[in-house]
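Here's the structure we're looking at; comments come further down.
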Amino acid sequence: MDPLATLLRDTRADCAVFDRSFLRGPWSVPVEGKGDRFALVILLGGDGTLTPEGGDPLHLGARDVAVIAPGTDFVVSGRGVDLEAEGAGRVTLLTVTYHLHRHRLERLAEILPPTLVVPDEAGSCPLLEVIVDEFVHERPARDILLTRSLDLLLLAVVREWFERDEANAPSWLRASNDPVVGRALRALHEEPGRRWTVADLAARGGVSRASFARRFNELVGESPIAYLTAWRMTLASELLLEPGATVDSVSRRVGYADPYGFSEAFRRHLGLRPGAHRDLLTAGGKGRGAGRVGDRPLGEDFEDQTS
């Protein structure tokens, strides 16, 4: 399993809110960024402009997918559509906001730009068909299906973004393609609880210990053991929230035989001891929800033609 897969594997949209806006003529929709919520924007028909606060405007074509990082205010605007060319004479704008697990959100926000747009090329994302269809038809379990589709859409968009813009991908993701370091990264993510040594990882790549350590540092930007420790702490922060989890059980799952040593490492990386971290997230965290679907008519001559 590669590092991107482990980052996105358990990514789930919590309390997703889906809004649909019908727009005519020149239009502008401001969206206030939330401190802990990603936003996803899809324009159906016509084209427009997405302008993040303090950032450069980005073109948003029909069925392109935009992802906006938490805390970023933005405006989506457009001139409307040609009545004869489009028939309906309106634009449908889908806006979704959603939570992710705290540390998944932080790690994802670290590797993504504040605003990104992945163009739709000849219907390259069939998931959009599912999402649009669920908006149009009132079917049982619609909210749950939309939320699950959002999970998959986010994964597809993030992967597509880095494939298009590999130069701006994080160092560990670029290193995943290296024949030596990539093997080591996959091993660390597949077995984070194993008692790894640099020699073990070097053997995976078929090179000497010194050569491997140097190559890993050059490509990833830190030592293999530092990378492993950071990954273990991220994983532990999530395992602690599982029902019945204890500091002792989590410490063993991420490769620490001594719960005290694990607790100290956790505190150094995340600023809190494991128990305090769990109490904080349990007390202040938001519960997982299926989501909510809403319709928001904007502009004159609104007519709901999808009912």
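The values are calculated or read from the model by the stated rules, or taken from the named source; none is laboratory data. All values reported here derive from a predicted model rather than from experimental measurement. Using ideal geometry, Cβ is built from the backbone for each residue, glycine included, and neighbour counts are taken over all protein chains shown. To get the accessible areas, we keep the full protein, side chains included, count just its heavy atoms, and leave off ligands, DNA and RNA. Shrake-Rupley method; radii C 1.70, N 1.55, O 1.52, S 1.80 Å.
Checked against the criterion of being modelled with pLDDT under 85, among the aliphatic types (A, V, I, L, M) and in a helix (DSSP H, G or I), the candidates L201, L154 yield just one match: L154. Consider L241 against the criteria (1) over 25 Å from the mean Cα position of the chain (by Cα); (2) touching a residue at least 24 places away in the same chain (Cβ under 8 Å): it satisfies all of them except one. Which criterion is unmet? In the conditions (1) over 25 Å from the mean Cα position of the chain (by Cα); (2) touching a residue at least 24 places away in the same chain (Cβ under 8 Å), L241 misses (1) alone. Annotation: of all residues in segment 171-196 being small (G, A, S) and open to solvent by 10 Å² or more (accessible area, probe 1.4 Å), the one that is farthest from A5 (Cα to Cα) is G193.
Can you work out which of the residues in segment 260-301 that are within 30 Å of G78 (Cα to Cα) and open to solvent by 90 Å² or more (accessible area, probe 1.4 Å) is modelled with the highest pLDDT?
Ranking the qualifying residues of segment 260-301, first place goes to R292.
Of all the numbered requirements in (1) at pLDDT 75 or above; (2) open to solvent by 60 Å² or more (accessible area, probe 1.4 Å), E121 misses one, and that requirement is (1). The residues in segment 158-215 that are under 15 Å from T229 (Cα atoms) and in contact with a helix residue (DSSP H, G or I) (Cβ under 7 Å, 6 or more places away or on another chain) can be counted, and the count is 11. Show the residue pairs meeting these rules: Cβ distance below 6 Å; 6+ apart or different chains; first residue within segment 50-61 and modelled with pLDDT of 90 or more; second residue in a loop (DSSP other than H, G, I, E, B) and open to solvent by 90 Å² or more (accessible area, probe 1.4 Å). Nothing qualifies. Checking each residue in segment 236-277 for being assigned to a loop (DSSP other than H, G, I, E, B) and aliphatic (A, V, I, L, M) picks out L240, L241, A245, V254, A257, L272. Of note, S149 does not satisfy the criterion of being more than 18 Å from the chain's Cα centre (by Cα) and among the hydroxyl-bearing types (S, T, Y). The residues of segment 17-41 that are in a strand (DSSP E or B), at pLDDT below 85 and under 13 Å from the mean Cα position of the chain (by Cα) amount to a single one, F38. Scanning segment 231-286 for residues that are touching an Asp or Glu at 6+ places or on another chain (Cβ under 8 Å) and under 22 Å from T6 (Cα atoms) returns E238, S251. Kindly indicate the residue of segment 157-170 that is assigned to a helix (DSSP H, G or I) and at pLDDT below 80 and also most open to solvent (accessible area, probe 1.4 Å) among those meeting that condition. Per the criteria, the residue is E163.
The numbered conditions (1) of a type in the set (G, A, S); (2) surrounded by 15 or more Cβ atoms within 10 Å (Cβ to Cβ); (3) free of Cβ contacts under 8 Å to residues at least 24 places away in the same chain are all true for A199 except (2).
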